[in-house]
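See structure below.
The values are calculated or read from the model by the stated rules, or taken from the named source; none is laboratory data. Just so it is clear, the model here is predicted, and its values are computed rather than measured. Please note: Cβ atoms are built from the backbone with ideal geometry, for glycine as well, and neighbour counts cover all protein chains shown. Each accessible area value is taken on the protein alone, full model and side chains, heavy atoms only, with ligands, DNA and RNA left out. Shrake-Rupley method; radii C 1.70, N 1.55, O 1.52, S 1.80 Å.
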Amino acid sequence: MQIIIVGCGKVGRTLAEQLQEEESDITLIDVSSNVITSLQNDIDAMGIVGNGASINTLVEAGIENADILIAVTGSDEMNLLCCLIAQKTGHCQTIARVRNPIYNNEIAFLREELGLAMIINPELSSAAEIARIFQFPSAVKIDTFSKGRIELLHFRVTHDCLLNNYELIHIRTTLKCDVLVCMVTRDNQVLIPRGDFVFREGDVVAIVSTPPKANDFFKKIGRVRTAMIVGGGTIAYYLARRLLEVGIHTKIIDQDPARCEHLSELLPKASIICGDGTDERLLIQEGLENVDAFAALTGLDEENILLSLYAKRTSRAKVVTKINRINFSGVLSDIKLDTISYPRLVTADMII
């Protein structure tokens, strides 16, 4: 398969690395020669320095024979234009990254009118992933299948969980929940439970269900009612909007007064606090000790890690940490964080 990637930033690089493993012929386009050179040192791909919206650049990249063009530059408009010109010049499928919330309600229109195979919004995708984790606070992993219609969820049975010392058969007879318990991991052993199986603290349970039925199940065994978000970026906006829709009281802390004012207008039901989210006194004052969920979504990985560790020590909240760089994933695995969200990996995985 011949694939052209326009824009070689974080997402473009991650895509190129993953597509290389699929044994695809990759052509990279970026306006920076340094970026192209750096990527070619690590990836077996053809590199072109130029504007991805230029017909001449696309022809040089082999657009006439390409199967897919993926536009992931820093500009939504540039991505859409690249895809439009690619379709007029060649016969490939096109994928565009569109991240501005202004276009969020117009995604279906843009995809249909411009003939795009897919439009990806990394911030929205990351927020959706975090929202699902918060809706299922005891979940340690969530996988979706059949375009989101089926979910495989792994969750841990905690001391105060309703399922602790609970027989499996009562999930259907007493709780009236229609979920399928596939397996239970206990002390590094995988068990296939029957109706008389009794859950214990520490068990990691895997269930399969539809999202509405899974949501109902987790509501009955324990759900999140309050959430605190540090960092008021685009992911925080999308996340807060989703949490508010399902009735979770949400508080956002950001130190930019203009951004806080803007968020107040966009999210009138949320509590917007203007202040330094790394200030211990402010976090305690705003009720960190009592929140059910905490998300560290600032622009600095180091801040997010420290905030998450502090939140875990101070509260019993479900903690999600946003990490932009994946170079030190091996080190992060040794740090006892609840859940780590990698926005560019979410985007790349969806496109792959």
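Take the Cα of residue 40, step 7 Å along the line toward its Cβ, and report every residue of region 53-78 whose backbone nitrogen sits under 15 Å from that point. Within reach of a label on residue 40: 60-62. Sequentially through region 345-352, phi angles give Karplus couplings (6.51, -1.76, 1.60; θ = phi - 60°) of 6, 4, 5, 4, 4, 5, 5, 4 Hz, Gly and Pro residues having no value and appearing as x.
The listed residues 201, 17 rank as 201, 17 when sorted by accessible area, largest first, using a 1.4 Å probe. In straight-distance terms, cross-link reach from residue 312 covers every one of the lysines whose alpha-carbon lies under 19 Å from its own, apart from those fewer than eight places away in the same chain; here that gives 141, 251, 322, 336. Judged by a Cβ-Cβ distance under 4.7 Å, the unpaired cysteines of the chain are 8, 82, 83, 92, 161, 177, 182. Its Cα centre serving as origin, the chain has a Cβ charge dipole (Lys and Arg +1, Asp and Glu -1) of approximately 1420 debye.
Just to be sure I understand: of the beta bridges DSSP finds with both ends in region 1-153, what percent are antiparallel, rounded to 5?
On the way: 4 of 24 bridges.
Percent antiparallel among DSSP bridges in region 1-153 is about 15.
When nucleic acids and ligands are ignored and a 1.4 Å probe is applied, residue 259 ends up with an accessible area of around 60 Å².
Using a 1.4 Å probe, what is the accessible area per residue for the chain, in Å²?
Numbers: 17470 Å² over 352 residues.
Heavy-atom SASA per residue in the chain reads 50 Å².
Excluding residue 125 itself, calculate the net charge of residues whose Cβ lies under 13 Å from the Cβ of residue 125, where each Lys or Arg counts +1 and each Asp or Glu counts -1. If you can, show how the numbers build up before the last one.
Numbers: positive: 97, 99, 132, 242, 322, 344; negative: 123, 129, 349.
So the environment of residue 125 carries a net charge of +3.
Counted over the chain, the DSSP beta bridges are approximately 35% antiparallel. Using a simple spin-label model with pseudo-atoms 7 Å out from Cα toward Cβ, residue 65 and residue 108 lie 4.0 nm apart. Amide H to amide H, which residues 5 or more places from residue 183 or on other chains are under 5 Å from it, using H placed in the peptide plane? Those lying under 5 Å, H to H, from residue 183 are 206.
Per-residue 3J(HN,Hα) values for region 65-78, derived from phi via the Karplus relation 6.51 cos²θ - 1.76 cosθ + 1.60 with θ = phi - 60°, read 10, 6, 8, 9, 10, 10, 9, 10, 6, x, 10, 4, 5, 5 Hz in sequence order (x marks Gly and Pro). For the options 161, 260, 83, a Gaussian network treatment of the chain with springs between C-alpha atoms closer than 10 Å singles out 161 as fluctuating the most. A Gaussian network model of the chain, with springs between Cα atoms under 10 Å, assigns the largest mean-square fluctuation among 217, 197, 155 to 197. The simple Förster model, with R0 at 22 Å and r as the Cβ-Cβ distance, assigns residue 162 and residue 210 a FRET efficiency of 0.60. Once the Cα-Cα distance is subtracted from the 0.36 nm per residue extended length, the residue 187 to residue 55 segment shows a gain of 41.6 nm.
What is the percent carbon and sulfur in the accessible area of the chain, measuring with a 1.4 Å probe over the protein chains and ignoring ligands? Each step should come with its number before you reach the end.
Details: 8600 of 17470 Å².
In the chain, the share of accessible area belonging to carbon and sulfur is 49 percent.
Within the set (1) 38.6; (2) 21.0; (3) 19.2, the number that mean projected area of the Cα convex hull in nm² takes when calculated for this structure is listed as (3).
For residue 177, the amide hydrogen comes within under 5 Å of the amide hydrogens of 172, counting only partners 5 or more places away or on other chains and with H modelled in the peptide plane.
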